[in-house]
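These notes are about the structure you will find just below.
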Amino acid sequence: MKITTIYFSATYTTKRVVEAVAKNLSDEITAYDITNEASTDAVAIPADELVVVGMPVYAGRVPAMAAERLRRFRGDNTPAVVVAVYGNRHYDDAVLELHDLMTEQGFRTVSAAALIAQHSIFPKVGKARPDAEDMADIKLFAERSAELIAKGFGKISLPGNRPYKVPGGIPIWPTASKKCAACGACARLCPTGAIDPTSPKSVDKTKCIKCGRCIVVCPTKARRFYGIKYSLAAARFNSAFATHRANEMWFAE
């Protein structure tokens, strides 16, 4: 079966997860990385193919920008495997929202998963995940999904609420230290255009979605979250969400 992968992956973790799912299903894969892709050209995916779509969870929701970019993909009752990747706090309504988005676009969810990754703002939470055990879970998830596609499947029941939760936020943003070489990598790769290439040490707080892309692409490790507000928030968050969470999976029957 031909597979199309679609993912928004600021820190490249969701990409890694989606690729792992897809490679356990097929060797014939076409990938769409919509993290920096603002194209509005429609992409039609026929009923005899499969889509694996992955999104990070930001404050319990699919990132609004990612949801909008996802809408250019159209299915024809095409089966879809949907994956929400979150930083060990909770996925809230994100799995249900991603399923709803795919349904609106003509896809039919065969399976869904909420998979743990290292938190992009507070990296001590979920540190080094997905790990080997998570990858084993992903393999089993893919195998079960393949079985359902082969034999046929009905509707899927997923946790979450409609209307979806209103996402909140913490008033912190990544900024650069003196190590910044003004190379412009962060500005080129920022999904929202929140960094001015002529002044890369600062960030436009009205555009920044705190995705962490600028931090992971900085060649001098100059960018990070810091400050008293961040330190206080990190202490609370690290304490509240230190408990190891298990991956969750759902399958259509």
Q. Looking only at region 154-184, which residues have a backbone nitrogen under 13 Å from a spot 7 Å from the Cα of Ala64 in the C-beta direction?
A. 166-169
Q) Around Phe73, which amide H atoms from residues at least 5 apart in sequence, or from another chain, sit under 5 Å from its own amide H, with H modelled in the peptide plane? A) Val43
Q. Using r as the Cβ-Cβ distance of Thr198 and Tyr226, and R0 as 25 Å, what FRET efficiency do you calculate, to the nearest 0.05?
A. 0.60
Q) Where does the charge balance sit around Val166 when Lys and Arg score +1, Asp and Glu -1, over other residues with C-beta under 11 Å from its C-beta? A) 0
Q) Given Cα pairs under 8 Å that are at least 6 residues apart, what percent is the relative contact order of region 50-137? A) 29 percent
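Report, in debye and to the nearest 20, how large the dipole of the chain comes out about its Cα centre when Lys and Arg carry +1 and Asp and Glu carry -1 on their Cβ. If you can, show how the numbers build up before the last one.
Numbers: 34 positive and 25 negative charges, 306 e Å.
With only Lys, Arg, Asp and Glu charged at Cβ, the dipole is about 1460 debye.
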Q: Measure off 7 Å from each Cα along the Cα-to-Cβ vector at Lys165 and Glu143, then give the distance between these two points in nanometres to one decimal.
A: 3.3 nm
Q) With contacts defined as alpha carbon pairs under 8 Å and 6 or more residues apart, what's the relative contact order of the chain in percent? A) 19 percent
Q. Using only helices, what value at 222 nm comes out for the chain when you add -39,500 (n - 2.57) per DSSP H run of length 4 or more and divide by the total residues, to the nearest 500 deg cm²/dmol?
A. -8500 deg cm²/dmol
Q: Return a whole-number percent for the relative contact order of region 130-253, with Cα pairs under 8 Å and 6 or more residues apart as the contact set.
A: 32 percent
Q: For region 1-53, give the percent of accessible area contributed by carbon and sulfur heavy atoms, probe 1.4 Å, rounded to a whole number.
A: 42 percent
(Q) With the crude spin-label approximation of a point 7 Å out along Cα→Cβ, what separation in nm comes out for Met135 versus Asp48? (A) 3.4 nm
Q. Can you list the aspartates and glutamates whose alpha carbon is less than 20 Å from that of Lys205, not counting same-chain residues fewer than 8 positions off?
A. Asp196
Q) In the neighborhood of Gly106, defined by Cβ-to-Cβ distances under 13 Å, what is the net charge if each Lys or Arg adds +1 and each Asp or Glu adds -1? A) 0
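Checking the table Lys124/Lys179; Lys15/Lys207; Lys2/Lys201; Lys155/Lys207; Lys15/Lys221 against a 32 Å threshold on Cα-Cα, which pairs fail?
In this structure, Lys2/Lys201; Lys155/Lys207 exceed 32 Å between Cα atoms.
In a shell of Cβ-Cβ distance under 11 Å around Ala20, excluding Ala20 itself, what net charge do Lys and Arg (+1) and Asp and Glu (-1) give?
+1
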(Q) Lone cysteines in the chain, defined as no other cysteine's Cβ under 4.7 Å from theirs: which are they? (A) Cys180, Cys183, Cys190, Cys208, Cys211, Cys218
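The values are calculated or read from the model by the stated rules, or taken from the named source; none is laboratory data. Because the structure is predicted, anything quoted here is derived from the model rather than measured. For neighbour counting, all protein chains shown are included, and Cβ atoms are generated from backbone atoms with ideal geometry for every residue, glycine included. Areas reflect the complete protein model, heavy atoms only, side chains present, ligands, DNA and RNA absent. Shrake-Rupley method; radii C 1.70, N 1.55, O 1.52, S 1.80 Å.
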